[in-house]
Each structure stands twice: as structure tokens, then as C-alpha cells.
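Q: Quick one: the structure is below, questions incoming.
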Amino acid sequence: MAPQMVHAQGSAKDAQRDAGKKSQKAKTSSKNDKASKASKVKTAQKADSKASSAGKTTTAKKANTRKTARVSSAGVKSASLRASEPARLSFGQKAGLHDAFDPLSLKSSVALVIDQDTREVLLSKNEHAVLPIASLTKLMTGVIISAASLPMQEMITITQDDVDTEKGSTSRLRVGTELSRGELLHLALMSSENRASHALGRTYPGGMTAFVDLMNAKARALGMKDTRYVEPTGLSSRNQSSAQDLAILVTAAHAHPILRELSTSTGHQVAVGRQTLQYNNTNRLIKNPAWDIGLQKTGYISEAGQCLVMQAKVAGRKLIFVFLDSAGKLSRIADAERVRHWVESRPASPRLSPRMGEPVKMVGG
């Protein structure tokens, strides 16, 4: 074969090899480009997915934040509404009795202080106002029980009838508890136990109706013209009286030794089943050595406010104190202390006028 032909054939083969290599490179490059594009697409999709997920999470968080804010706002509004709700007014507050002036700036809207022996009035404020008297009612309950001379050792069972349906108040004397009449009277006068007082009326000869009738009859016999009872505990706001009438009741109750003893007891324990229950006096002045208290009773329902009546010796005089519709549990005590200090500082002074703060002639009762 001629050299020129050999050279031509070699050149042709080289050209074919070069073309094949270029084609392979082109294919490989195309594949790489496709793979790169596919990778970029996947990366972009992943990024979009993450962004979308992040967006959803952010949106959800914002929604939850808004929801929490709404709930929090609702709670604040609810609390604000509760805080702005006015407290339930007593009868005395509704009648504007707290606006009455008195020289001692008493927190009770009704007050009366008289000498038990002479019936001289030392201090008076709205003494004719007729208001609910809450557990001061129990003094009349005690007067009726004491005067009846019923056996104090007779056992009485607390029943469902004695459970408070008027105010829904609770008691440690469970249904089925058995106590003597004397113990029930003790708890009623000293600790203002409502179930004890109700049981005393319920088990009275003739039943509750007869007992309440006797309460009202006794009030009329004593000259308590402003007084009315509908039940023996004081939970009903329909049990009403005036300071003048209550001063009469305190005097009558003080004549019963058992009522003096039980109402001024500092504490008492009663055995109820396997338990021993400790009861204490609702009047903290009983433990105060500065006071010589012969008889006392506290009371409270929202309609009556905080109430307190007492017989006590102050500056050598036997005085009767009546405080009704006091602004707070401690303010009735503060009112009594204020009056005691005033009497002690002026043992021989005439009556203090509640209007002008000027001395005026003492008036007999």
C-alpha cells in the first residue's frame, strides 16, 4: 500500500477517534449539567419546603400568641370585672346610715351605750333604725331555752333540717351528731353555731313554729316594739330589731346566769364521735384583761354587717353596748375600745351629743 494512502487512513481513524471523544465529552457534560440542574432544583425545593415550614411555624406561633393574648386579655377583663363589682351593701349602707355624724367617728352605723342601772344614755347614733341583727338573734334563743327549764343533759341529734339553706353556711356539727342541750346552747352563744341554735328551736316542745312564736311574744312582753323574729339563728335578714330594743334584750339576757356564763366562755371542747372539736369565742375582747364583760354576742350576715352587743363594767359603771352594721370584723371591736377609752377618760362627764359633740344633760331610759 502506498504511504500516502496509509497516512490518509490513519488521519481518518484519528479524526473518528477525536469525534468519538468529543461526543462522549458532550454526553458526559450534558449528563453533568442535568445532574447539576436536578441538584439545584432539589436544593431549591428543600429551601422552599423549609421556608414554607418555617412560615407555617411562625404563623402558628403568631396564632398561638394571639390566642394566648386573647385568653390573657379575657382573664384580665374577667378579673377587672370581678374587681369592679360592688360589694353587697348592708341595709344600713343602703339607707345611708353610715353618713350620720358621731363625735367618736365610730365605724358602726348604729350605736348605743347606756348605763344598765340608771338607763342613762351615754352615746347614741341611729338608735331607732330597724336593721337585720344576724346572730344577735341567738340571745333571744338563749332566753327562751333558759326560761323553759328544759333538761340540759337531754341529748339532741343534728338532722338535715338543721342544715343552713338560707345562706349555705357550713358547720362542723355533721348530720347525725349527738350533743346535749346544754352543749348546743354553749356553742350557739359562744361560737355562734347555727346548727346548734336551729336544733334548739326545732326540738323545743311544740316544734319550731311554737319556738319562734315564743321569741316574738317575749320581745313584745319586754317592750321590744321594733323587733321581729322568723327563725332562731339570725341567718335570715328578716330577723330585725333596733339598738334600743337590743339594749333591752341584753338586760333581760344578763338576768340569766347560764347565759352570762356560756356567752363569756373563752372556749369549749365537745366530743363528736372519735373527734374532739375545739370551739372558741367569736368575741376577741373576752380574752382582753382590760375588759370585764358580763354577757356578749356577736353577729354577721351581709345584710346586717358586723354586729356586737355586750354588758361590761367600765370605770365602775355597768354599761350596755350595742353596735350594728359595722364596716368590718375588727372595726366593731375598735368601736367598743374607742367608747371604753372615752368613758374611762370622762367617768363623771355628762352625755356626749352625737350631733355637735357638746355635753348635754343625761337622759333617763
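Q: Rounded if a/c is under 1.5, else prolate if a/b beats b/c, else oblate: with a ≥ b ≥ c from the C-alpha gyration tensor eigenvalues square-rooted, which is the range 114-175?
A: oblate
Q: If you average the C-alpha positions of the range 324-338 and of the range 134-196 separately, how far apart do those two centres end up, in angstrom?
A: 26 Å
Q: For a footprinting-style exposure proxy, rank 141, 203, 264 by other Cβ within 10 Å, fewest first.
A: Result, fewest neighbours first: 203, 264, 141.
Q: On to the next question. What is the distance, in nm, between label points placed 7 Å from the Cα along the Cα-to-Cβ direction at residue 329 and at residue 88?
A: Modelled inter-label distance: 1.6 nm.
Q: Between residue 272 and residue 149, what length comes free when the chain is fully extended (0.36 nm per residue of separation minus the Cα-Cα distance, one decimal in nm)?
A: Using 0.36 nm per residue and subtracting the Cα-Cα distance, I get 41.8 nm.
Q: Then there's this: Say R0 is 22 Å: what FRET efficiency, to the nearest 0.05, do residue 287 and residue 313 get from their beta-carbon distance?
A: Efficiency at R0 = 22 Å is approximately 0.85.
Q: Percent relative contact order of the range 91-360, based on C-alpha pairs within less than 8 angstrom and at least six residues apart?
A: Answer for the range 91-360 is 26 percent.
Q: So, one more: Give the shape of the range 91-360 as rounded, prolate or oblate, defined through the alpha-carbon gyration tensor: a ≥ b ≥ c are the square roots of its eigenvalues, a/c under 1.5 means rounded, and otherwise the shape is prolate if a/b is larger than b/c and oblate if not.
A: Cα axes put the range 91-360 in the prolate bin.
Q: Give me the distance in nm between label points sitting 7 Å out from Cα along the Cα-to-Cβ direction at residue 338 and residue 213, one decimal.
A: Between residue 338 and residue 213, the simple spin-label model gives 4.4 nm.
Q: Something else about it: What are the ³J(HN,Hα) couplings of the range 199-215, residue after residue, when phi is run through the Karplus curve with 6.51, -1.76, 1.60 and θ = phi - 60°? Round to Hz, x for glycine and proline.
A: Taking θ as phi minus 60°, the curve returns 5, 4, x, 5, 8, 5, x, x, x, 4, 4, 5, 5, 5, 4, 5, 4 Hz for the range 199-215.
Q: Taking +1 at the Cβ of each Lys and Arg and -1 at the Cβ of each Asp and Glu, which of 319, 253, 242 sits farthest along the dipole of the range 91-360 towards its positive end, judged by Cα position relative to the Cα centre?
A: 319
Q: Also, quick follow-up: If we count every other residue with Cβ under 13 angstrom of residue 280's Cβ, Lys/Arg +1 and Asp/Glu -1, where does the sum land?
A: +2
Q: Still on this model: Using a ≥ b ≥ c from the Cα gyration tensor of the range 90-141 (square roots of the eigenvalues), is it rounded, prolate or oblate, where a/c under 1.5 gives rounded and otherwise the larger of a/b and b/c decides, a/b for prolate?
A: Since a/c reaches 1.5 but b/c is at least a/b, the shape of the range 90-141 is classed as oblate.
Q: Moving on to the next point. If each residue's Cβ is checked for other Cβ atoms within 10 Å, how do 101, 211, 91 rank with the fewest at the top?
A: Least crowded to most crowded, the residues run 101, 91, 211.
Q: Over 18 Å between C-alpha atoms is what I'm after, so list which of 107/329; 287/313; 167/218 land there.
A: Over 18 Å apart, Cα to Cα: 167/218.
Q: Now for a separate question. Once you have the Cα-Cα distance between residue 228 and residue 119, take 0.36 nm times their residue separation minus that, and quote the gain in nm to one decimal.
A: Using 0.36 nm per residue and subtracting the Cα-Cα distance, I get 36.9 nm.
Q: Using only Cα positions of the range 77-213, each an equal point scatterer, no hydration layer, compute I(q)/I(0) via Debye at q = 0.10, 0.11, 0.19 Å⁻¹ and quote the log10 values to two decimals.
A: -0.52, -0.62, -1.07
Q: Tell me the net charge near residue 328. Cut-off is 15 Å between Cβ atoms, residue 328 excluded, with +1 for each Lys or Arg and -1 for each Asp or Glu.
A: Around residue 328, the surrounding residues sum to +3.
Q: Moving on. Sort 136, 187, 319, 330 so the one with the fewest other Cβ atoms within 10 Å of its own Cβ comes first.
A: 330, 319, 136, 187
Read-outs: derived from the displayed coordinates by stated rules, not from any lab. It should be emphasised that the depicted structure is a prediction, and the values quoted were computed from it without experimental measurement. Please note: Cβ atoms are built from the backbone with ideal geometry, for glycine as well, and neighbour counts cover all protein chains shown.
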